[in-house]
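Have a look at the structure below before the remarks.
The values are calculated or read from the model by the stated rules, or taken from the named source; none is laboratory data. Since the structure is predicted, the reported quantities are computational estimates derived from the model, not experimental observations. Counting neighbours? That spans all protein chains shown, and the Cβs are built from the backbone with ideal geometry, glycine included. Each accessible area value is taken on the protein alone, full model and side chains, heavy atoms only, with ligands, DNA and RNA left out. Shrake-Rupley method; radii C 1.70, N 1.55, O 1.52, S 1.80 Å.
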Amino acid sequence: MRFGVVIFPGSNCDHDCFYVLGEVLNQDVKYVWHQSTDLSGFDCILLPGGFSYGDYLRTGAVAHFSPVMKSVERFAADGGMVIGICNGFQILLEAGLLPGAMMRNTGLKFICRFVDIRVETTSTPWTCGAYEHQVLRIPIAHNEGNYQVPYQTLEEMKLRGQVVFRYCSPASSVSGEFNPNGATENIAGVCNREGNVLGLMPHPERASEAELGSTDGLVIWRSLLDHCGVEVPTIL
Amino acid sequence: MARARVYITYKEGILDPQGKTILRALKSLGYDEVENLRVGKYMELELAGTDKEGLEKRLGEMCEKLLANPIIEDYDLEVDV
């Protein structure tokens, strides 16, 4: 499977993602500079975390107008797989590829720690290898993860199974106590209607090797490879 | 040349964590009369042209496309030609 990791000025998780996709998952992976518009040959485009354009104006607001994003929109419309992690998620929101918007964490602090997230649906390409309500331990690192979405839109999203991950307790209970940033209904990740575009605040690429404290991120990568009919490396 | 001002505020009903924190700080200084406070953004622009209506329309587009996020923010604009 061929992955493209987009680099915006200020991306800083691009190398981590490149390493996990290439070295841990043994897949074909290339960097895509944000001014490139050619995404031909890729099966999945990854928008990594970081601080694209210094988070000026709003997180992801300026990156949304990078030349590559027009191509990412077309790529997604044609059914290509797109995943945005952290700042990548924020960019997908600003681009309108996913519903909602991101605000400052309610505690006004940058939060960098492991959290537990619950898989809310196993009907997406990104979670088809998880079991129902599986809890994944994956780190977050953000200042703007307070996900907001108009009530009516959220109700429609829930009906369509677009809420993919929620912050929860280690025992999978979802409540305000386990909401790190104030996100509406503890939402940590959502997908589009078709399911081929995923955005999430936690960093699965930082939880893909036992040495880093968790391999739960592999559940997402493995689901994606399975969905795309790729033989999953035996190490996983 | 025209001068324009854009005010961006959070929509009603959107919780403003910064505003709440500043409100608490004011209260702790003894300014008990402050009942609510919301933080927004203020921008000044210099625009070429003298067609006030046309410039307002263009600036409105800029707000919709980039300067504000219509999901969580409202905007107000003023153009002086």
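Name the pairs whose Cβ atoms lie under 6 Å apart, with the first residue in segment B:1-22 and away from every other protein chain (no Cβ under 14 Å), the second of a type in the set (Val, Ile, Thr), and 6 or more positions between them or separate chains? Taking only residues 6 or more apart or on different chains, the pairs are B:2/B:79; B:2/B:81; B:4/B:79. Considering A:78, A:43, A:38, the condition of being within 17 Å of the chain's Cα centre (by Cα) and open to solvent by 40 Å² or more (accessible area, probe 1.4 Å) is satisfied by A:43 alone. Scanning segment A:15-35 for residues that are among the hydrophobic types (A, V, I, L, M, F, W, C) and either under 22 Å from residue A:63 (Cβ atoms) or open to solvent by 20 Å² or more (accessible area, probe 1.4 Å) (or both) returns A:17, A:18, A:20, A:21, A:29, A:32, A:33.
Among the numbered conditions (1) open to solvent by 50 Å² or more (accessible area, probe 1.4 Å); (2) touching a Lys or Arg at 6+ places or on another chain (Cβ under 6 Å), the only one that residue A:128 does not meet is (2).
Can we say residue B:16 is among the acidic types (Asp, Glu) and open to solvent by less than 50 Å² (accessible area, probe 1.4 Å)? It would help to see each step written out before you state the result.
Details: among the acidic types (Asp, Glu): yes; open to solvent by less than 50 Å² (accessible area, probe 1.4 Å): yes.
Yes, satisfied.
Among the residues of segment A:202-234, those identified as open to solvent by 60 Å² or more (accessible area, probe 1.4 Å), assigned to a helix (DSSP H, G or I) and under 17 Å from residue A:128 (Cβ atoms) are A:222, A:226, A:227.
Of all residues in segment B:34-54, those that are closer than 19 Å to residue B:67 by Cα have Cβ atoms under 8 Å from Cβ atoms of residues that are of a type in the set (Asp, Glu), 6 or more apart or on another chain, in B:38/B:16; B:39/B:16.
Residues that are among the hydroxyl-bearing types (Ser, Thr, Tyr), within 26 Å of residue A:95 (Cα to Cα) and without any contact (Cβ under 8 Å) to a residue 24 or more places away in the chain: does segment A:208-228 have at least one? There is no residue in segment A:208-228 that is among the hydroxyl-bearing types (Ser, Thr, Tyr), within 26 Å of residue A:95 (Cα to Cα) and without any contact (Cβ under 8 Å) to a residue 24 or more places away in the chain.
Within segment A:93-100, is there a residue that is assigned to a strand (DSSP E or B) and touching a Phe, Trp or Tyr at 6+ places or on another chain (Cβ under 8 Å)? Within segment A:93-100 (the criterion being assigned to a strand (DSSP E or B) and touching a Phe, Trp or Tyr at 6+ places or on another chain (Cβ under 8 Å)), the answer is no, since none of the residues qualifies. Among the residues of segment B:69-81 satisfying the criterion of being among the hydrophobic types (A, V, I, L, M, F, W, C) and under 14 Å from residue A:148 (Cβ atoms), which is nearest to the chain's Cα centre (by Cα)? The extreme case among them is B:72.
Within segment B:36-49, is even one residue more than 14 Å from chain A (Cβ to nearest Cβ), at negative phi, under 12 Å from the mean Cα position of the chain (by Cα) and in a strand (DSSP E or B)? Yes, segment B:36-49 contains at least one residue that is more than 14 Å from chain A (Cβ to nearest Cβ), at negative phi, under 12 Å from the mean Cα position of the chain (by Cα) and in a strand (DSSP E or B). The residue that is nearest to residue A:153 (Cα to Cα), counting only those in segment A:101-119 that are within 14 Å of chain B (Cβ to nearest Cβ) and in a strand (DSSP E or B), is A:101.
Answer yes or no as to whether residue A:98 is within 14 Å of residue A:166 (Cα to Cα) and crowded, with 20+ Cβ neighbours inside 10 Å.
On the way: within 14 Å of residue A:166 (Cα to Cα): no; crowded, with 20+ Cβ neighbours inside 10 Å: yes.
So residue A:98 fails the test.
Go through A:79, A:4 for me and flag whichever is part of a strand (DSSP E or B), more than 28 Å from residue A:105 (Cα to Cα), touching a residue at least 40 places away in the same chain (Cβ under 8 Å) and small (Gly, Ala, Ser). Write out each step before concluding.
Values: A:79 fails: part of a strand (DSSP E or B).
On inspection, the qualifying residue turns out to be A:4.
Inspect segment A:63-76 for any residue being at the interface with chain B (Cβ under 9 Å from one of its Cβ atoms) and within 18 Å of residue A:35 (Cα to Cα) and give the result as yes or no. Give the derivation first.
Residues of segment A:63-76 at the interface with chain B (Cβ under 9 Å from one of its Cβ atoms): A:64-65.
Filter once more, so that each one left must be within 18 Å of residue A:35 (Cα to Cα): A:64-65.
The answer is yes, given that some residue of segment A:63-76 is at the interface with chain B (Cβ under 9 Å from one of its Cβ atoms) and within 18 Å of residue A:35 (Cα to Cα).
Of the residues making up segment B:55-80, those that are open to solvent by less than 80 Å² (accessible area, probe 1.4 Å), out of contact with any Asp or Glu (no Cβ under 8 Å at 6 or more places or on another chain), at the interface with another protein chain (Cβ under 9 Å from one of its Cβ atoms) and not in a strand (DSSP E or B) are B:66, B:67, B:71, B:72. Of all residues in segment A:36-62, those satisfying the criterion of being more than 14 Å from chain B (Cβ to nearest Cβ) and in a loop (DSSP other than H, G, I, E, B) are A:36, A:37, A:38, A:39, A:40, A:41, A:42, A:43, A:48, A:49, A:51. Selection of segment A:131-144 for residues being charged (D, E, K, R), away from chain B (no Cβ under 14 Å) and either out of contact with any Asp or Glu (no Cβ under 7 Å at 6 or more places or on another chain) or open to solvent by less than 50 Å² (accessible area, probe 1.4 Å) (or both) yields only A:132.
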